[in-house]
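Visitor: There's a structure below that I have some questions on.
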Amino acid sequence: MTTTERPLMVEARGIRKRFGFHEVLKGIDLQVRTGEVLCLIGPSGSGKSTFLRCINHLERADGGELRVDGELVGYREKGGKLYELREKDIAARRRTIGMVFQRFNLFPHLTALENVMEAPVRVLRTPRAQAATEARELLTRVGLAGKYDAYPATLSGGQQQRVAIARALAMRPRLMLFDEPTSALDPELVGEVLDVMRQLAADGMTMVVVTHEMGFAREVGDTLVFMDDGVVVEAGDPREVLGNPQHERTRSFLSKVL
Ligand code: ADP
Ligand code: MG
């Protein structure tokens, strides 16, 4: 299958979101195909996290149409007509989406292995022995084979973030969202997390990654989207956008981060 034939995993058309008088998303259009990596860049406050949260049903858009994995995410139509999913359906859909945040938010009283097992056991009712086997495999995959029994406080930030990635993968997501996953890390720990994400992309995971790591975006991203002030200013092949930005706002932003 060529890339353009792959089904759309995320399809956003004219997504709008306001908080009070502040319109944070002013009509976002973008697409992510299955197996693709979309990197999202832009200044602080441009609406990147809000958009990710809409994909993951943590915020509801005020307008536009958002489909994830072919299914409509709840939204409010122009005329005020409300299309809403039931809580139960939202929970079911959210389970198919993994999310990794800047702060790792591991359970401090659980070991790395227990952190990864927690959701499969509690939510999916996976038998403990099976969940433990799968959790060991996942921790091995993120390079933490020796750390099954370590508590988060004894792990470096990079190791904790890799546990967080394994924990998200334990739910067998169809889509992974990363919101600045390396921004809280010491510089020397960034690489190990990006390596895990790079491997995940190579394994075919569909990913939306908010990041300031332009090297990662260039090498791993299929598409790079530059957002500013609630709009998509520019989108395209990362090498094109980074090498030959078409808009002054993109040039100005890149000159600050590159
Ligand atoms: P980014 O991730 O690009 O830095 P955000 O999506 O976090 O941007 O935020 C975009 C804007 O929306 C910011 O001005 C932020 O203060 C505002 N915002 C985000 N969440 C809320 C909220 N729950 N209530 C009010 N304002 C919010
Ligand atoms: Mg953000």
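Visitor: State log₁₀ I(q)/I(0) for segment 162-252 at q = 0.18, 0.20 Å⁻¹ as given by the Debye formula over alpha-carbon point scatterers of equal weight, solvent excluded.
Guide: -0.87, -1.02
Visitor: A further question follows. So in segment 150-258, what percent of DSSP beta bridges are antiparallel if you round to the nearest 5?
Guide: 50 percent
Visitor: Quick check on packing: order 225-238, 36-49, 117-130 by the mean number of other C-beta atoms within 10 Å, highest mean leading.
Guide: Result, highest mean Cβ count within 10 Å first: 36-49, 225-238, 117-130.
Visitor: Nearest 20 debye, what's the magnitude of the dipole of segment 150-212 about its Cα centre given +1 on Lys and Arg Cβ and -1 on Asp and Glu Cβ?
Guide: Computed charge dipole of segment 150-212: roughly 360 debye.
Visitor: Further, regarding this structure: With +1 assigned to the C-beta of every Lys and Arg and -1 to the C-beta of every Asp and Glu, and no other charges, what is the dipole magnitude of the chain about the Cα centre in debye, to the nearest 20?
Guide: 800 debye
Visitor: Give me the net charge for the shell around residue 183: Cβ to Cβ below 13 angstrom, other residues only, Lys and Arg +1, Asp and Glu -1.
Guide: My count for the surroundings of residue 183 gives -2.
Visitor: Find the eigenvalues of the gyration tensor of the Cα atoms of segment 1-153, then list the square roots of 5 times those eigenvalues as equivalent ellipsoid semi-axes, largest first, in whole angstrom.
Guide: 33, 18, 17
Visitor: Can you tell me the orientation of helix 248-257 relative to the chain, as the angle in degrees between its alpha-carbon axis and the longest Cα principal axis, to the nearest 10?
Guide: 30 degrees
Visitor: Quick one: net charge of residue 148's neighbours, Cβ under 12 Å, K/R +1, D/E -1?
Guide: Net charge around residue 148: -1.
Visitor: Would you mind getting me the FRET efficiency between residue 252 and residue 188? Use the beta-carbon distance for r and R0 = 30 Å, nearest 0.05.
Guide: 0.55
Visitor: Here is a further query. I need the semi-axes of the equivalent ellipsoid of segment 204-258: take the C-alpha gyration tensor, multiply each eigenvalue by 5, square-root it, list largest first in whole angstrom.
Guide: Over the Cα atoms of segment 204-258, the ellipsoid semi-axes are 18, 12, 10 Å.
Visitor: According to the square roots a ≥ b ≥ c of the eigenvalues of the Cα gyration tensor, what is the shape class of the chain, taking rounded for a/c under 1.5, prolate for a/b larger than b/c otherwise, and oblate for the remainder?
Guide: It is oblate, given that a/c is not under 1.5 and a/b is not larger than b/c.
Visitor: What is the extension gain from residue 219 to residue 92, computed as 0.36 nm multiplied by their sequence separation minus the C-alpha to C-alpha distance, in nm to one decimal?
Guide: 42.4 nm
Visitor: How much of the DSSP beta bridge set in the chain is antiparallel, as a percent to the nearest 5?
Guide: Bridges in the chain are about 55 percent antiparallel.
Readers should treat all values here as calculations from the given coordinates under stated rules, not as data from a laboratory. Bear in mind the structure is a predicted one, so any value in this text is a computation, not a measurement. Because the Cβ atoms are built from the backbone with ideal geometry, glycine has one as well, and the counts that use them run over all protein chains shown.
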